[in-house]
Amino acid sequence: MVFSSISFLLFFLPCLLVCYFLVPQRFRNLRNMVLLAFSLIFYGWGGPSFLLLMLASIALNYICGLFCGGKKLPKWVRAMSVFIAVAGGIGMLGYFKYAGFMAEIVNKLGFMVPIPEVVLPIGISFYTFQG
């Protein structure tokens with residue numbers, strides 16, 4: 001689904017707006033959950049096979065963010081949580097974008113490594129760097 005498609009403009013967007021504005025303003029967290037749910041539905045519409053990957057990325061960044069923001073935690077724990085979040089995101093991005101390229105380089109060095117046929121998830125660079 002694209003933003004300019006009829007299904008988005010006549011179905012998805014009105015449903016989102018109705019659900020969002022049915023939640024009273026004082027329940028900001030619930031409104032954010034509505035936006036999160038509709039965002040995941042929108043993403044899943046374009047690439048349902050990678051929805052679990054996006055959920056894993058969201059969970060990793062959220063949990064690491066909780067540890068990073070914990071003022072009572074030791075400094076090394078907060079620093080380690082930042083490292084884990086960045087390494088996880090960059091590792092995921094690196095695998096999906098460069099696994100085939102790296103296998104080709106290793107093969108040119110004389111080793112016989114199978115070249116993986118990796119499909120690039122929609123928007124992986126965007127949501128990785130946002131995380």
| query | What number, in percent, do you get for the relative contact order of the chain if the mean sequence gap of Cα pairs under 8 Å and at least 6 apart is divided by its residue count? | reply | 18 percent
| request: Quick one: angle between helix 28-46 and the longest Cα principal axis of the chain, in degrees between 0 and 90, rounded to 10, please. | output: 50 degrees
| Rounded to the nearest whole Å³, what is the per residue volume of the convex hull around the Cα atoms of the chain? | 129 Å³
| Which of these, Lys97, Lys108, Lys75, has the largest mean-square fluctuation under a Gaussian network model of the chain (Cα springs below 10 Å)? | Lys108
| field | Residue-level accessible surface for Phe27, protein heavy atoms, 1.4 Å, Å² | value | 90 Å²
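Accessible area per residue, 1.4 Å probe, Å², for the stretch 6-48: what's the number?
Heavy-atom accessible area per residue stands at 73 Å².
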| field | Percent carbon-and-sulfur accessible area, the chain, ignoring ligands, DNA and RNA, probe 1.4 Å | value | 74 percent
| message | Can you tell me the orientation of helix 75-108 relative to the chain, as the angle in degrees between its alpha-carbon axis and the longest Cα principal axis, to the nearest 10? | response | 60 degrees
| request: Measure nothing fancy, just the Cα-based angle from helix 51-69's long axis to the longest principal axis of the chain, in degrees from 0 to 90, nearest 10. | output: 80 degrees
| task | Heads up, I need the accessible area for Tyr62: 1.4 angstrom probe, whole protein in place, Å², nearest 10. | result | 140 Å²
| message | Could you work out [θ]222 nm for the chain from helices alone, using -39500 (n - 2.57) per DSSP H run of at least four and dividing by all its residues? Round to the nearest 500 deg cm²/dmol. | response | -23000 deg cm²/dmol
| In whole Å, what is the distance between the alpha-carbon centres of the stretch 5-33 and the stretch 66-131? | 32 Å
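The values are calculated or read from the model by the stated rules, or taken from the named source; none is laboratory data. Bear in mind the structure is a predicted one, so any value in this text is a computation, not a measurement. To get the accessible areas, we keep the full protein, side chains included, count just its heavy atoms, and leave off ligands, DNA and RNA. Shrake-Rupley method; radii C 1.70, N 1.55, O 1.52, S 1.80 Å.
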